[in-house]
Protein chains: 2
Amino acid sequence: MTSLTPSWNIIKTELSNLEIITDPLQISKLSLDYYHFSPILNNQLQDKRGDLVVRPNNEEEVIQIAQTCVKYKIPLTVRGAGTGNYGQCIPLKGGIILDTTKMNRILSLDPGTACVETGVKMAAFDKKAREIGWELRMAPSTYRTATIGGFIAGGSGGMGSITYGQLRDRGNVQSVRVVTLEDDPCVIELRGDEVQQVTHAYGTNGIITQLEIPLAPAYPWAEIIVAFDDFMTAARFGQALSDSDGIIKKLVTIQAAPICRYLTALNDYLPDGKDCALLMVSEYDLEAFHDLVYHYQGQITYLKTAQEASKGTSLLEFTWNHTTLHARNIDPELTYLQTLYFTLEKVENFYHYFGDEVMIHLEFLKVAGKAIPAGLQLVRFTTEERLNEIIDYHEEEGAAIANPHTYILEDGGRKVIEPEQLAFKKLVDPYGLMNPGKMKAWE
Amino acid sequence: MTSLTPSWNIIKTELSNLEIITDPLQISKLSLDYYHFSPILNNQLQDKRGDLVVRPNNEEEVIQIAQTCVKYKIPLTVRGAGTGNYGQCIPLKGGIILDTTKMNRILSLDPGTACVETGVKMAAFDKKAREIGWELRMAPSTYRTATIGGFIAGGSGGMGSITYGQLRDRGNVQSVRVVTLEDDPCVIELRGDEVQQVTHAYGTNGIITQLEIPLAPAYPWAEIIVAFDDFMTAARFGQALSDSDGIIKKLVTIQAAPICRYLTALNDYLPDGKDCALLMVSEYDLEAFHDLVYHYQGQITYLKTAQEASKGTSLLEFTWNHTTLHARNIDPELTYLQTLYFTLEKVENFYHYFGDEVMIHLEFLKVAGKAIPAGLQLVRFTTEERLNEIIDYHEEEGAAIANPHTYILEDGGRKVIEPEQLAFKKLVDPYGLMNPGKMKAWE
C-alpha cells in the first residue's frame, strides 16, 4: 500500500459536498472502539487516529468517497457505532474514516425479511419490526447503539444465537451490497453464501452499504434471573434450558458468583455468593420454564414480563461483553477471553483449574445445530505472557479461543482467510486501501 | 377388572340423552385404527370390537358416560379420529367407545397459545390459527383428520419436531383436563410437567376433554423435493439442513430409492433410482436453502410455494407413517419399524447390513436439543421371528426401536411406566376400566 499523503485540503475540497468532520477531538472519538477492554490492544492502538471523518448520506456519496480514496490512495476505514472490541475499526494507517451512521434508512420491512442501509441502529430497527410481529434474529449487547452493518462486518452473534446460531451460519445474512475501491469504484451485490466474503471481515473487503437480513418472529421476551447454590448446577441448568426444544428462548447467560458482584445495578437480584442465570424466555413458555427451574432447584429472584422489561434496562446489558464493561468499571485490571468450551466437562475443568484468576461467564449458543457453552470469561490480567499461558491451556484442553487481544482477522475468531476471500479482496480493493493492517493474508 | 356385563339396553337407556351408535357396522368401523400396518397386531386385534359407541358433545356428557361406566364397571376406550397405528384405541375387552370428534370447539386462540376441546381436528385448527399468524408446533402425517387430543394421547411427534422436539418435551403441552373414572367421576386439571401422566398413555389415565397447547409462529412453508445420487449423501444433506440454525424448517424426510417407487403420486418428481429428500422450508430462507442443496449436489425436482402447496396434497402425506400407508397400498406384505438411529454412522451400518429387506426412511427430529436421524423404515415382512431378529440387531447396534408391533404401552416407545403414572392411574381409574389391557404395569 502506497499512501501518497496528499494535501488534506485538496481532499476536503473534493468531498466538500459531503458532511466532513475535521475537529481533532471528534476525529479522535471517531477513531476509537472498545479495544481498551484488552490491555494489549490498548498499548498497540491508543495513538491511532484517522485524518478525516466523512459521513455519507447514501450509496452515491459512498462511491464518491471511494473514488477519492482510490484517486489519492488514501486508507479507508469504515465504522458504524464503534462498539467493537478488537480494534476492528481503528485506522492503523490514518486516512479517511467513513462513518455510516447517517445511512440509516429502512428500505423495506416485510414478514421474515428486511432490507436496510448499513447504519441502521439495531434497537431502532427492532422497534419498527415489532410493529409487524418480527425482530432481528440476533444482536450484541450493544444493541441499543450498534449498527446492523457494523455488527455484520465486525460481530459474530449475541442474544438470539441460542436459537439462530451465528452470523456466519447460512441464512443469517441474505445479501449485502458493497462499494469497491477499484480504479472505477462500483457496487457489487453478494447473495447467499457469497456474503461470507464480507461478513466479519472488518470492512477489508468492500464498503457495505445495504443489507438484506432475515427476521425472527417477535416473542414477548420475559427477562429472568435465577440463582443457584453452585456454579456447575447453574451451568447444567443453562445447558438444559438451551436443549429444551419446547421452551423458546433468546438469551441463556450464566455468571459465576464472583462476576455477579460486578453487576452492581442488579445487586438486589444477585444474592451474595450465588451463581446466576440471566435469561430471556418467551412468556408463552413460562410455565414449562418454571418446571425446569424447579427441577434444578434454582431460585427465581427477578422476573419481568416483556412489557415491564421494555421500560427499564434490559438484562441483555449485563451479558455478552457488557459483562466485561461493568466489571472493568469496577476493576480496570480485568480483561477477558472468548471461548467455545463445547462441553460442560471442559467448563468444569477450567472452573476448578483457574479459580478466581479466570471467572467464568457462559453464553450458550447454537453451533451447527447444537447448543454449546461458550464464554466471555473475565481474566485478572497480570502479564501478556500469563494471558498467553491461559489461552494455551484452554486450547490444549480442547476449548477454542477467539482471541480478543488482537486486531488481526486471522489471529482472532476467524483463524483462516479462505482463498476466495483473498481473491475477492484483490478484486474489490486492489490497492489494499481498506482498513489496512487487519488482514494478515493480504499484508 | 370385573365386568358385570350389564344389559346393554339399560346402558342405552341411561345414556339415551346422548348420541349413541348401535349399528354393528358403525361400531366395527369405530373399533379400528391403523394397526393393520402390523401383521402381528392385525392377527391379535382384528376381532376386537366395542359394544356401544357414544359421542359426547361436551365435558358434562363425558362425566355422565364416566358415571355410567363406573356404575356398571364397563370398560371405556376413548378414540379421536382413530388414526393411530398401534391399536391404541382398540377396545380389547369391549365396552363403551367414547368418540371425541364432536367435542371440537376452539375455546381460546391467542398468539402463542390456544385452549381446545380434545376432538378438534389439527388441520382445521391450523386454518384458524394461521389467521392470527400462528400454527400447531407439531402434527402427524394424519394431520388432516387427526384430533389434537388423540395426537397427544397416542402420538409422539411429526412435522415440526425438527424444531420443537416431541410431545414429551417440556413445554409442548401446557395443560390437560381429564375426567376420572372414580366412584364419583370428577375433572382434574394437570399443568406443566404433570401432563406427562396422561400424554402418550393411550387414554388409560383419564379421559382428556380439554388441552392448552403452545403454538408456533406460522411461516409460509415451501414444499420441496431434492434428489440425490446416493442414499448417504441424501442422509448427510438431511442432517446438515437439520443442523442449519439459520434455515427455518418444519419437515426433513429422506426416502431411500426403493421407497420412492411406492410414492406413485409423486412419480414425476422422484427420479428412478434416486434417493430423495421431502422437505418443508420457510420461504424466507429459500436462498440459503438453495446454497445448501448446491453444496450437497442435490437436484431440486419439485418446489411449491406455500400458496401453491396449500392447493394440492401436502408432501407431509408422503412422509412419517403415510409413507408406510402408500407402500402397503402397493405391497401389503410390507410393514415398518420406528427407530431412533441417533447418528448417521448407525444409519449407514443398517443401510448396508439389511439391503432391500429394510428400506430406510429417515425423519429428522430434535431430541434434547440435537437433531438426530430417526426412521420409519419399511420392512419386507416374512415371519415374526425374523422381524424380532431385525429389531434385536438394531438394538444391539445402538439404535432404539419404538416397537410398533405391540399395543402394550411399555413394549412400544415409552418402555417404562413411572411410579407416579401408576399412582395416578390408581387414583383416576381405580377399577381399571380405562382402555384395559394396554398398560402392563397395571395388569
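The values are calculated or read from the model by the stated rules, or taken from the named source; none is laboratory data. This one's a predicted model, so the numbers in the text were calculated from it and none came from an experiment. No Cβ is skipped: glycine too gets one built from the backbone with ideal geometry, and neighbour counts run over all protein chains shown.
Of all the residues in the stretch A:238-275, those that are within 13 Å of chain B (Cβ to nearest Cβ) and either surrounded by fewer than 20 Cβ atoms within 10 Å (Cβ to Cβ) or assigned to a helix (DSSP H, G or I) (or both) number 6. Just so you know, in the stretch B:276-296 the residues that are buried (at least 23 other Cβ atoms within 10 Å of the Cβ) and assigned to a strand (DSSP E or B) include one that is nearest to the other protein chains (Cβ to nearest Cβ), and it is B:Val281.
For the condition surrounded by fewer than 21 Cβ atoms within 10 Å (Cβ to Cβ) and over 18 Å from the mean Cα position of the chain (by Cα), what is the one hit in A:Asp126, A:Asp193?
Only one candidate qualifies: A:Asp193.
Screening B:Val187 with (1) under 26 Å from B:Asn321 (Cα atoms); (2) more than 13 Å from chain A (Cβ to nearest Cβ) gives one miss only, at (1). Annotation note: Cβ proximity below 6 Å between a residue of the stretch A:328-356 that is in the same structural domain as A:His394 (by TED's automatic domain parsing) and at positive phi and a residue that is modelled with pLDDT of 95 or more and of a type outside the set (Lys, Arg) (sequence gap 6+ or interchain) occurs for A:Phe342/A:Ile372.
Of everything listed in (1) surrounded by fewer than 21 Cβ atoms within 10 Å (Cβ to Cβ); (2) touching a His at 6+ places or on another chain (Cβ under 8 Å), the single unmet condition for A:Met232 is (2).
The single condition among (1) among the hydrophobic types (A, V, I, L, M, F, W, C); (2) outside any helix (DSSP H, G or I); (3) under 18 Å from A:Gly157 (Cβ atoms) that A:Leu325 does not satisfy is (2).
Of the residues B:Lys121, B:Lys127, the single one that is of a type outside the set (Asp, Glu) and free of Cβ contacts under 8 Å to residues at least 12 places away in the same chain is B:Lys127. Look through the stretch A:6-47, keep the residues that are charged (D, E, K, R) and surrounded by fewer than 19 Cβ atoms within 10 Å (Cβ to Cβ), and return whichever of them is farthest from A:Val379 (Cα to Cα). Once the filter is applied, the top-ranked residue is A:Glu14. Residues in the stretch B:147-178 that are under 18 Å from B:Leu107 (Cα atoms), of a type in the set (A, V, I, L, M) and either crowded, with 24+ Cβ neighbours inside 10 Å or more than 13 Å from the chain's Cα centre (by Cα) (or both): 4 in all. In this structure, A:Glu223 does not qualify as at pLDDT 95 or above, more than 21 Å from B:Arg170 (Cβ to Cβ) and either surrounded by fewer than 22 Cβ atoms within 10 Å (Cβ to Cβ) or not β-branched (Val, Ile, Thr) (or both). In the stretch A:169-182, the residues that are at the interface with another protein chain (Cβ under 7 Å from one of its Cβ atoms) form Cβ pairs under 8 Å with partners that are hydrophobic (A, V, I, L, M, F, W, C) and in a strand (DSSP E or B), at six or more places apart or across chains, as follows: A:Asn172/A:Ile213; A:Gln174/A:Leu211; A:Gln174/A:Ile213. Within the stretch B:85-101, the set of residues being over 11 Å from B:Tyr202 (Cα atoms), aliphatic (A, V, I, L, M) and crowded, with 24+ Cβ neighbours inside 10 Å comprises B:Ile96, B:Ile97, B:Leu98. Can you confirm whether B:Leu315 is buried (at least 18 other Cβ atoms within 10 Å of the Cβ), without any contact (Cβ under 8 Å) to a residue 60 or more places away in the chain, within 13 Å of B:Ile224 (Cα to Cα) and not basic (Lys, Arg)? Considered against the rule, which asks whether it is buried (at least 18 other Cβ atoms within 10 Å of the Cβ), without any contact (Cβ under 8 Å) to a residue 60 or more places away in the chain, within 13 Å of B:Ile224 (Cα to Cα) and not basic (Lys, Arg), B:Leu315 comes out as no.
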